[in-house]
Amino acid sequence: MNIIKNFSLKQYNTFGIDVNAKEFAAFTSVDELTELLSSKSHTNTHNLVLGGGSNILFTKNIDGIVLKNELKGIELIKEDQHHFYVKAAAGENWHQFVLHCIKHNYAGLENLSLIPGNIGASPMQNIGAYGVEIKDVFEGLEALKKSDQSIHLFTTNDCEFGYRESVFKRKYKDEFVILNVIFRLNKIPVYNTSYGAIEQELEKMNVKDLSIQAISQAVINIRSSKLPDPNKIGNAGSFFKNPTIKTSAFKALEKVHKKMPHYIVDENNVKIPAAWLIEQCGWKGYKKGDAGVHKNQPLVLVNYGNANGKDIYDLSEEIVQSVKEKFKITLEREVNII
Ligand SMILES: Cc1cc2nc3c(=O)[nH]c(=O)nc-3n(C[C@H](O)[C@H](O)[C@H](O)COP(=O)(O)OP(=O)(O)OC[C@H]3O[C@@H](n4cnc5c(N)ncnc54)[C@H](O)[C@@H]3O)c2cc1C
């Protein structure tokens, strides 16, 4: 296996941050990964598994080895009366996998079209968009424990999925390499068009017969028009999570900020769009050097060219502080800070 020294990660993260990995290796099989992790020279070395680099902010050089996941393969492993069970290797591109499923009429992923990144990272933060999260279609995953290279199966319960959360981001942070994910997809589609502008887009597209193909295309159209393309402007999508606050705190804030948008989570909790909070603090379109806040999407921090990870991180910290001051709400970062 080819281990490259002093490797630039600029092309390997969608923020386009130029940091170096002390070592870099791409693995295409579980044997190669096991060999890398168990080799004498790497047992005590810090390692980082990398997918598409679309949910990462590098703030420093990596003093260790970056393991680029290149495991490939998509397989229909079983079906029953209502479902197809499809296994996808961690190194497969997420959107290409969604398109594969749509082509074969495996329903359930259409709302998650065009999310960047790879299969392996999708359970990490329980990716979600337009009213669907992967926990809704998740059947299980296989992961390799880095410390002893044993392989473990995780069910939905084991993953403890939450809003942009799982055990892999918390309890088992950096302990496992996800090898593949099994999805439980519907034979008869259950359409979910109520979220965001999907219905309006379908109307615009003049869709008469609803299908997973049409919903996927509507989502692609909306996302392409709304979100900055990382190939043009460095970014990692939403930088912050939408905060959930107590209903009592919301009621107090609502007295001052009468038009505060919100979603009721349950009788005790209310979710507030982080984008609105950031915009209210005057950050929309802000630019300092090459680090900035996108002009249309305040939730998206951007690298206009040569910002480094610290520039972006410091900007995110200023945003956190100003939102805290104005609303007494602490924003949490969605992006993995490395
Ligand atoms: C324009 C844009 C739009 C986005 N929109 C959305 C959206 O709508 N919804 C959403 O949920 N996310 C969104 N994201 C975030 C991102 O696409 C997802 O989080 C995606 O799943 C990240 O995949 P990745 O392969 O790029 O992960 P990476 O950035 O490579 O890795 C993310 C984390 O997972 C770890 N990791 C990666 N692969 C593995 C593995 N096989 N085993 C163990 N750990 C691993 C990494 O070490 C890192 O900590 C968006 C990003 C961009 C740039």
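Values quoted throughout were computed directly from the atomic coordinates according to the rules given, and no laboratory measurement underlies them. Here the structure is a predicted model, which is why all the values come from computation and not from measurement. Methodologically, a virtual Cβ is constructed for each residue, glycine included, from the backbone with ideal geometry; neighbour enumeration extends over all protein chains shown.
Observations on the model:
- Simple spin-label estimate for Lys232 and Gln11 in nanometres, 7 Å along Cα-Cβ: 2.3
- Computed from label points 7 Å out along Cα-Cβ, the spacing between Lys78 and Thr28 is 3.1 nm.
- For region 180-338, a crude dipole built from +1 on the beta carbon of Lys and Arg and -1 on the beta carbon of Asp and Glu, taken about the Cα centre, is about 240 debye to the nearest 20.
- Taking one quarter of the surface of the C-alpha convex hull of region 124-189 gives a mean projected area of 4.7 nm².
- Dipole check for region 156-244: with +1 at the C-beta of Lys and Arg, -1 at the C-beta of Asp and Glu, and the Cα centre as origin, the magnitude is about 120 Debye.
- Distance between the pseudo-spin-label points of Val256 and Lys145 (7 Å out from Cα toward the beta carbon): 4.9 nm.
- Take the Cβ atoms of Asn268 and Val190, set R0 to 35 Å, and the FRET efficiency comes out at 0.75.
- When the alpha carbon gyration tensor of region 243-314 is reduced to an equivalent ellipsoid, its three semi-axes come out at 30, 12, 9 angstrom, largest first.
- Largest GNM mean-square fluctuation across Phe327, Phe97, Phe58, computed for the chain with C-alpha springs under 10 Å, falls on Phe327.
- Gaussian network model of the chain, Cα within-10 Å springs - most flexible of Arg170, Arg223, Arg184: Arg170
- Evaluating 6.51 cos²θ - 1.76 cosθ + 1.60 at θ = phi - 60° for every residue in region 220-226, the Karplus couplings come out as 4, 4, 5, 4, 5, 7, 9 Hz, glycine and proline recorded as x.
- Positive end of the dipole of the chain (Cβ unit charges, origin at the Cα centre): among Tyr263, Ser113, Phe176, the Cα lying farthest that way belongs to Tyr263.
- Remark: region 96-110, residue by residue, has Karplus-estimated 3J(HN,Hα) of 5, 5, 4, 5, 4, 5, 5, 4, 8, 6, 8, 8, x, 9, 4 Hz, where x stands for each Gly or Pro and the curve is 6.51 cos²θ - 1.76 cosθ + 1.60 at θ = phi - 60°.
- With contacts taken as Cα pairs under 8 Å at a separation of at least 6 residues, region 273-335 carries a relative contact order of 26 percent.
- Among Trp283, Trp94, the ranking by other beta carbons within 10 Å of each residue's beta carbon, starting with the fewest, stands as Trp283, Trp94.
- Rounded to the nearest 20 debye, the dipole magnitude of the chain is 1040 debye, with +1 charges on Lys and Arg beta carbons, -1 on Asp and Glu beta carbons, and the Cα centre as origin.
- Dimensionless Rg ratio for region 185-261, taking C-alpha atoms and the 2.2 N^0.38 Å reference: 1.54
- Selection from Thr28, Leu57, Gly91, by position along the positive dipole direction of region 20-132 (Cβ): Leu57
- Asn2/Asn306 FRET efficiency (R0 35 Å; Cβ-Cβ; nearest 0.05): 0.75
- Cα-based radius of gyration for the chain, normalised by 2.2 N^0.38 Å, reads 1.03.
- The tail of the calculated P(r) for region 16-152 beyond 18 Å holds 60 percent of all Cα-Cα pairs.
- Relative contact order [Cα under 8 Å, 6+ residues apart], the chain, whole percent: 16
- By the Kirkwood approach, averaging reciprocal distances over each pair of separate Cα atoms, region 128-231 gets a hydrodynamic radius of 16.2 Å.
- Amide H within-cut-off set for Glu133, under 5 Å, with H built and near neighbours excluded: none
- GNM remark for the chain: springs join alpha carbons under 10 Å apart, and the peak mean-square fluctuation among Tyr191, Tyr263, Tyr313 falls on Tyr263.
- Cα centroid separation, region 3-73 to region 168-224: 29 Å.
- Radius ratio Rg over Rh of region 213-338, counting only Cα atoms, Kirkwood formula for Rh: 1.01
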